[in-house]
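The values are calculated or read from the model by the stated rules, or taken from the named source; none is laboratory data. These numbers come from a predicted model, not from an experiment. Here Cβ is always computed from backbone atoms with ideal geometry, including for glycine, and neighbour counts include all displayed protein chains.
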Amino acid sequence: MRTLGDLDVAGKRVLVRVDFNVPLKEESGAGPAGGSHVTASGTRTVTDDTRIRAALPTLEALREQGAQLVLVAHLGRPEGEHDPALSLAPVCARLGELLEDPVSLAPGVVGPEVQRAAEGLREGEVLMLENVRFEAGETANDPDLARGLAALADAYVNDAFGAAHRAHASTEGVAHLLPCAAGLLLQREVETLETILREPARPLVAVVGGAKVTDKIGVLETFLGQADSVLIGGAMCFPFLSAQGHSVGDSLCADEDVEAARGLLGRGPLALPDDLVLGDRFAAEAQIRQLDGVDVPDGWMGLDIGARSARTYGQRIAEAGTTFWNGPMGAFELEPFAAGTRTVAEAMAAAPGTTVVGGGDSAAALARFGLADRVTHLSTGGGASLELIEGRELPGVEALR
Ligand code: ADP
Ligand code: MG
């Protein structure tokens, strides 16, 4: 993969693909000063700027080398239509605050007016294109849109790891038309995950939880083949327990997941919980019961791994050379069922080995426990990181090779 060091950007215009797909909130009336954007219906602000901050090292590095930046990003799913509610204006305002320099927003994605705005940039200045998914050609990887984007710059840098599993015009097509390189964030994401797969410090422990076996079957297959232990938690454990002949009560456990789990049993070093926390329904006010064992009675559902299982998992993490964690150990959004996920998160934070977390809900859990900066690497790309672990090639990354 070509990296920033391979690209000469001094005095050049560089098109940078970033992942600024951040959550926004709409407030009626006056919003806070700065970082806000007034629309017909009120003020929209960025509620979590983690992804914007994650791109700053690349943007700063390029500006320091005297480049002019044209940023391209998507927000939500406007499906090829101009939708003012999905304008990048609030993101542009927040980026300007973080860079401590105003960032201008182009009147569109490509075309003569945008071209003029790009050509008017001076050294170190930053122009943000409008939401690239306002153009139907983006998700279709339309060569005309890729050419329009390429015309705006002399070089292309992709720092949008979270979008690298999509072959879109701004993530794949345009990379073939300009000298290109990976940004620092994308490079770190890919190198970290490739190290886990190729030469991890051992023992390699994978902790896999969350909702559905079928969503993560490729990840489970990879780790059953390569890890020293695969610790299962979350609703993920019930299909395995069911396949072993245990009763699962009302726990989340689809037939197709039981079939998938049956096919994985015996394929590697799989560990399942041996105690559970049950609730009589999926709610914070549910009746709660600790179960020493894994046969869930009718009328109850397993909503967290038990304290003993969580301690065992925590110990394995403490002894690991490398731990990869994806998927919460229980319904952590409900306080009575958050303990298993919290124990695993705390073990990750305290572990002397390399600790890597992938997945939107796992990242949210870490953040909720205040431990987001205590792991070695918190992946910004949920789908992209899982696809990389499944051994699939990411089109946005392959185009940079
Ligand atoms: P990630 O986004 O980290 O990949 P997933 O999306 O696979 O994780 O799973 C997260 C969801 O799984 C959470 O919403 C959580 O409530 C749910 N979950 C975890 N354990 C259980 C359980 N035992 N019963 C029901 N839902 C669960
Ligand atoms: Mg999720």
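Taking into account only those residues within the stretch 18-36 that are more than 17 Å from Gly96 (Cα to Cα) and not in a loop (DSSP other than H, G, I, E, B), which is modelled with the lowest pLDDT? Among those that are more than 17 Å from Gly96 (Cα to Cα) and not in a loop (DSSP other than H, G, I, E, B), it is Glu27. Checked against (1) touching a residue at least 40 places away in the same chain (Cβ under 8 Å); (2) not in a helix (DSSP H, G or I), Gly396 passes all but a single condition, namely (2).
Determine, yes or no, whether Ala85 is outside the structural domain of Ala367 (by TED's automatic domain parsing), assigned to a loop (DSSP other than H, G, I, E, B), at pLDDT below 95 and aliphatic (A, V, I, L, M).
For Ala85, the condition - outside the structural domain of Ala367 (by TED's automatic domain parsing), assigned to a loop (DSSP other than H, G, I, E, B), at pLDDT below 95 and aliphatic (A, V, I, L, M) - is not met.
Where residues in the stretch 198-215 are within 16 Å of Leu272 (Cα to Cα) and not aliphatic (A, V, I, L, M), which of them is modelled with the highest pLDDT?
For the stretch 198-215, the residue satisfying everything is Gly209.
Evaluation of Gly96 against the conditions (1) free of Cβ contacts under 8 Å to residues at least 40 places away in the same chain; (2) part of a loop (DSSP other than H, G, I, E, B); (3) surrounded by fewer than 23 Cβ atoms within 10 Å (Cβ to Cβ) shows that the sole unmet condition is (2).
Tell me which residues, restricted to the stretch 189-229, are free of Cβ contacts under 8 Å to residues at least 40 places away in the same chain and either under 24 Å from Arg262 (Cβ atoms) or more than 20 Å from the chain's Cα centre (by Cα) (or both). Within the stretch 189-229, Arg198, Glu199, Asp215, Gln226 qualify.
Yes/no matrix, rows are residues, columns are (1) of a type outside the set (A, V, I, L, M, F, W, C); (2) away from ligand 1 (no atom under 12 Å from the Cβ); (3) under 23 Å from the mean Cα position of the chain (by Cα):
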| site | (1), (2), (3) |
| --- | --- |
| Ala307 | no, yes, no |
| Thr312 | yes, yes, no |
| Phe332 | no, no, yes |
| Ala345 | no, no, yes |
| Pro352 | yes, yes, no |
| Asp361 | yes, no, yes |
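Just checking, which of Gly162, Gly148 is within 18 Å of Ser379 (Cα to Cα), assigned to a helix (DSSP H, G or I) and in the same structural domain as Ser87 (by TED's automatic domain parsing)?
The conditions single out Gly162.
For the stretch 203-252, a residue qualifies if it is at positive phi and surrounded by 23 or more Cβ atoms within 10 Å (Cβ to Cβ), and exactly one does: Gly234.
Scanning the stretch 331-347 finds one or more residues that are surrounded by fewer than 19 Cβ atoms within 10 Å (Cβ to Cβ) and within 16 Å of ligand 2 (Cβ to nearest atom). Of all the listed residues (Thr376, Thr341), the sole one being among the polar types (S, T, N, Q) and within 17 Å of Met236 (Cα to Cα) is Thr341. With respect to the conditions (1) within 24 Å of Ser385 (Cβ to Cβ); (2) crowded, with 21+ Cβ neighbours inside 10 Å, Thr139 lacks only one, and its number is (2).
Just checking, how many residues over the stretch 329-388 are of a type in the set (A, V, I, L, M), within 19 Å of Asp275 (Cα to Cα) and assigned to a helix (DSSP H, G or I)? I'd like the intermediate steps shown before the answer.
Residues of the stretch 329-388 of a type in the set (A, V, I, L, M): 329, 331, 334, 338-339, 344-345, 347-351, 356-357, 363-367, 371-372, 375, 378, 384, 386, 388.
Subsequent filtering for residues that are within 19 Å of Asp275 (Cα to Cα) retains 329, 331, 334, 338-339, 344-345, 347.
Going one step further and asking which of them are assigned to a helix (DSSP H, G or I), we end up with 339, 344-345, 347.
Total meeting the criteria: 4.
Per-residue answers, yes or no, for (1) among the charged types (D, E, K, R); (2) touching a Gly at 6+ places or on another chain (Cβ under 9 Å); (3) farther than 20 Å from Leu186 by Cβ:
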site	(1), (2), (3)
Leu127	no, yes, yes
Glu130	yes, yes, yes
Phe134	no, yes, yes
Glu138	yes, yes, no
Pro143	no, yes, yes
Ala146	no, yes, no
Leu149	no, yes, no
His165	no, yes, no
Thr171	no, yes, no
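Would you be able to say whether some residue in the stretch 145-167 is modelled with pLDDT of 95 or more, touching a Phe, Trp or Tyr at 6+ places or on another chain (Cβ under 9 Å), surrounded by 23 or more Cβ atoms within 10 Å (Cβ to Cβ) and β-branched (Val, Ile, Thr)? No: the stretch 145-167 contains no residue that is modelled with pLDDT of 95 or more, touching a Phe, Trp or Tyr at 6+ places or on another chain (Cβ under 9 Å), surrounded by 23 or more Cβ atoms within 10 Å (Cβ to Cβ) and β-branched (Val, Ile, Thr). Only one of these is in contact (Cβ under 8 Å) with a residue 12 or more places away in the chain and farther than 29 Å from Phe282 by Cα: Ala363, Ala339, Ala384. Name it. Of the residues listed, the single one that is in contact (Cβ under 8 Å) with a residue 12 or more places away in the chain and farther than 29 Å from Phe282 by Cα is Ala384. Can you go through Glu199, Glu221, Glu172 and tell me which one is within 30 Å of Glu135 (Cα to Cα) and among the acidic types (Asp, Glu)? Just one listed residue meets the conditions, Glu172.
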